[in-house]
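Each remark here refers to the structure printed beneath this line.
Every read-out reported here was derived from the displayed coordinates using simple, explicitly stated rules and does not represent laboratory data. Bear in mind that the values here come from a model prediction, so they are computed numbers and not experimental data. Cβ atoms come from the backbone with ideal geometry, glycine included; neighbour counts cover every protein chain shown.
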Amino acid sequence: MDATRSPGWYPAPDGRGEQWWNGAGWSESRKAVSPAGIDPAPPLAAPRVIYSASNPAPQSPSESPEFGGPIPAAVQIDARANPMALYALIAGIVAVVFNVVLVPSILAIVFGVKGIGRARELAATGQVSTMRGLAVAGLVLGIFGGAVSLISSVSFLWSVLASIAVGYGS
């Protein structure tokens with residue numbers, strides 16, 4: 001097939017359905033050919049991207065940033081947009097490592113909930129970096145650290161009470 005053919009769906013070169021010709025080459029987009037008059041079953045997965053003249057298929061891999069070069073804006077994270085998420089993560093790590101009177105756990109849970117709320121606000125405005133993952137991680141670590149601390153405190157008190165009861169029983 002020559003490059004002068006207009007973009008569109010054509011029989012695939014390998015004979016498996018139809019494939020999109022973007023005007024310069026074959027894309028990865030395919031569709032099954034239905035038998036005469038019968039519509040194919042709807043796809044179970046999300047539909048693939050359909051390339052057209054206004055949305056041509058990429059011809060080469062995307063450019064990756066060079067080592068030490070500028071970081072693309074989509075990768076940059078601005079912690080000032082959602083500081084509660086970062087605070088939740090830090091407090092959650094402290095809660096797992098060193099949980100004094102459940103204070104770090106409580107802080108991690110509060111900051112995590114506030115961070116998730118702020119992430120929703122940022123997502124509603126179209127922000128790419130909402131830091132929701134950090135807020136959720138801090139919340140989970142806070143709950144985990146609090147549970148471990150409570151279980152260890154209860155087991156300690158139980159053993160102390162059991163030893164006192166055994167001491168009075170003899």
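If I stretch the segment between Ala81 and Val100 completely, what's the gain in nm (0.36 nm per residue apart, minus their alpha carbon distance), one decimal? List each step's numbers first, then the result.
On the way: separation 19, 0.36 × 19 = 6.84 nm, distance 2.94 nm.
Stretched out fully, the Ala81 to Val100 stretch lengthens by 3.9 nm.
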| message | Taking θ = phi - 60°, what integer Hz values does the Karplus form 6.51 cos²θ - 1.76 cosθ + 1.60 yield along segment 147-162, in sequence order, with x for Gly and Pro? | response | 5, 4, 5, 5, 5, 5, 5, 5, 5, 5, 4, 4, 5, 5, 5, 5
| field | Efficiency of FRET between Val166 and Val113 - r from beta-carbon atoms, R0 41 angstrom, step 0.05 | value | 0.40
